[in-house]
Structure formats: structure tokens, C-alpha cells
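The values are calculated or read from the model by the stated rules, or taken from the named source; none is laboratory data. All values derive from a computational prediction rather than experimental measurement. Note that we place each Cβ from the backbone using ideal geometry, even for glycine, and neighbour counts take in every protein chain shown.
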Amino acid sequence: MSGAKPCFGYPTRTEAVAAFVEAGMPRAEIAARIGIPTKSVSALLGESRRARPADEQVKRRSPQVVLQLTDAQRCALREHAARRDLSLDRLLFDLLDVIVEDKLVDAILDDGRGRR
């Protein structure tokens, strides 16, 4: 594994990505600036979130939403969460964050209702 890569004055790309997201920059723009794929921006952001102290993560969350998942959905998502060493709740939070930030709702639903 390679060492830390300084980026835009930050000690690591992970810290740079977190700062850019915090400033409201879209992930596609961050990726273009740094010269990495958008999915790498999302991965670095996930690293940043996992590295935060638990109390800081809780402060940053919005009010809770209750999702009713089927057993099959829960099982499939747990598998993805386990591969990333995340809780199911954290995986769902990160998924929704990426979908909203990267404006992927229309692409994912593909129901034609996103057009104006």
C-alpha cells in the first residue's frame, strides 16, 4: 500500500476530498480537480467518515428515517456493508449521500419522471 499523497495543501487526498465536500463541491468536480475517478472520491470520503470520532459522526447526521427493508434486501446490503467494514445503517447513509450529492436519483430510478 502506498503512503499518504499530499493534495492541494492537505496531508492526504482523503483530507482534501473531505474539505472539498464540506465546502459543497460536487464529487465530479472534485474528481476532475484531483485527477481521479468519481468513485475514488466516494471511497476517499468513506475513509474520511470512518476515521471521524463517533461523536462527531452523530452530530453531523440529520434526523433519523426509518426504512422498512425486506429480509432479502437486508441480507444483500449486509454483504456489501461487511465488505466495507461498515454497519448496515452507515452503508445506507453513505449510499443516500452519494445518490443525492452526485444527482443520481433519476439515473437509478430511470422512470422518466426526472425530466422537466
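Which of the residues that make up region 11-42 are at positive phi and at pLDDT 85 or above? Listed by number, the list holds a single entry, Gly35.
Each residue in region 79-94 was checked for being over 15 Å from Glu47 (Cβ atoms) and either touching a residue at least 40 places away in the same chain (Cβ under 8 Å) or not in a helix (DSSP H, G or I) (or both), and 1 pass.
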